[in-house]
Amino acid sequence: MILSIESSCDDSAIAITELKTKKLLFHKKISQELEHSVYGGVVPELAARLHAEALPKILEECRPYFDKLKAVAVTSTPGLAVTLVEGVTMAKAISVALDIPLIGVNHLVGHIYSLFIEKQTQFPCTVLLVSGGHTQVMQVNSLTDIDTVAKSMDDSFGESFDKVAKMMGLGYPGGPLIQELAKDGDRLKHNFTIPLSQSPLIAFSYSGLKNAVRLAVLDSKEEDYKDIAASFEHIATMHLTQKLKKYFKKVPPKTFAIVGGASANLYLRSKIEELLKPYDAKLLLSELKYCSDNAAMIGRVAVEMYEKKMFSALESLSSSARSSL
Ligand code: KG4
Ligand code: ZN
């Protein structure tokens, strides 16, 4: 079995995955949404302190598995530097204490493998990753052959939902709150400009849209927020589908996936389904509980890395806020 740890942002999670069957035997996550909600976003130092409390508690529950562990895996990049180090330090301690190899997992690869928890992988696959930290399109051929073909030049899709929710005083995380508010709103009420629509670039940008929404919020009463939320969600999604359409002209999709916390967005899911229809492409989605950060996805990657003996030396594994994917 492999024990895997996730602490890249505001979720403390540990999983136990069986090597032979890839079966998830244990998974527990303690989220910090409530604690960060009053600030309208994640406060890194507070998050680190909460990980330091939560991770040992979850680890205690894993004690019965200790003598069966063959490796310990941990998210080592990308994420918040001060929170990543909590998981990495714990993983190193376990590696030394139990004398088992250490596996450093890239969080973004973890999101890709959230599609395959307790399942075989389906590659090649075009993957749209939409989370709080990232918006990117990747062509995934295997664990070690991942090509990023488009990414955001500024804010991410999920982050823009968080910031719009903050402007409206709704709380954190903004994604589910904006989705709920947008349900009864008029999607065409505010004619926000679709970012980069005149640009031939296949890239994303959310900072301009965010500022347009800020002006609309300042100019509106609270009862109009639902229309702003609906129009924002519509344009934020149109931006993704417009750029994907452009990319599909070059590389038609056969198997397409949406992963990351914001892949839970129902409007996005329905628009991507529409977009894929003419291509007769297969759409892969993670189970809702594995869209947001979790340790099950890290464990799933670690199983593949264990098979390939992709271990990290104790001294060389460091947590890094930025990743090259
Ligand atoms: O993957 P994740 O849990 O953490 C990162 O790796 O960043 O993603 C969290 C992000 C947050 O920005 C949150 O607002 C967004 O995912 N999110 C959503 C929805 N649910 C979560 N965004 C839009 N619509 C949703 N339903
Ligand atoms: Zn994530």
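Could you provide, to the nearest whole Å², the per residue accessible area of segment 125-285 with probe 1.4 Å? Numbers along the way, then the final one.
Numbers: 7250 Å² over 161 residues.
So segment 125-285 comes to 45 Å² accessible per residue, rounded to a whole number.
Here the gap between Val251 and Ser316, fully extended at 0.36 nm per residue and compared with their Cα-Cα distance, gives a gain of 19.6 nm.
DSSP assigns beta bridges within the chain; of those with both partners inside it, close to 60 percent run antiparallel. Residues of segment 1-26 with amide nitrogen under 17 Å from the 7 Å Cα-to-Cβ point of Leu46? Under cut-off, by backbone N: 9-12. Entry note, segment 242-298: relative contact order of 44 percent, from Cα contacts under 8 Å with a spacing of 6+ residues.
In summary, the lysines within cross-link reach of Lys70, defined as a Cα separation below 17 angstrom excluding same-chain residues under 8 places away, comprise Lys20, Lys22, Lys23, Lys92, Lys308, Lys309.
Among 93-100, 167-174, 291-298, how do they line up by average Cβ neighbours within 10 Å per residue, starting with the highest? Don't skip to the end; give the middle numbers.
Values: 93-100: 14.5, 167-174: 20.0, 291-298: 28.6.
Final packing ranking: 291-298, 167-174, 93-100.
Work out the FRET efficiency for Ser197 and Lys119 from their Cβ-Cβ distance, taking R0 = 41 Å, and round it to the nearest 0.05. Can you show the working numbers first?
On the way: r = 37 Å, r/R0 = 0.90.
Once rounded, the FRET efficiency stands at 0.65.
For the chain, calculate the relative contact order in percent as a whole number, restricting contacts to Cα pairs under 8 Å that are 6 or more residues apart. Display every interim value, and only then the final one.
Working: 691 pairs, mean separation 80.3, N = 325.
Across the chain, relative contact order equals 25 percent.
Each 10 Å bin from 0 upward holds the following percent of the Cα-Cα pairs of the chain: 6, 27, 32, 23, 10, 2, 0.
For segment 125-285, what proportion of DSSP beta bridges, expressed in % and rounded to the nearest 5, is antiparallel?
Numbers: 12 of 21 bridges.
Of those bridges, close to 55 percent are antiparallel.
For segment 125-285, take the alpha-carbon Rg, divide it by the Kirkwood Rh, and send me Rg/Rh. My calculation puts Rg/Rh at 0.97.
The values are calculated or read from the model by the stated rules, or taken from the named source; none is laboratory data. Values in this document were obtained by computation on a predicted structure and should not be read as measured data. Counting neighbours? That spans all protein chains shown, and the Cβs are built from the backbone with ideal geometry, glycine included. Ligands, DNA and RNA are stripped out before the accessible areas are found, and what is left, the full protein with its side chains, is counted by its heavy atoms. Shrake-Rupley method; radii C 1.70, N 1.55, O 1.52, S 1.80 Å.
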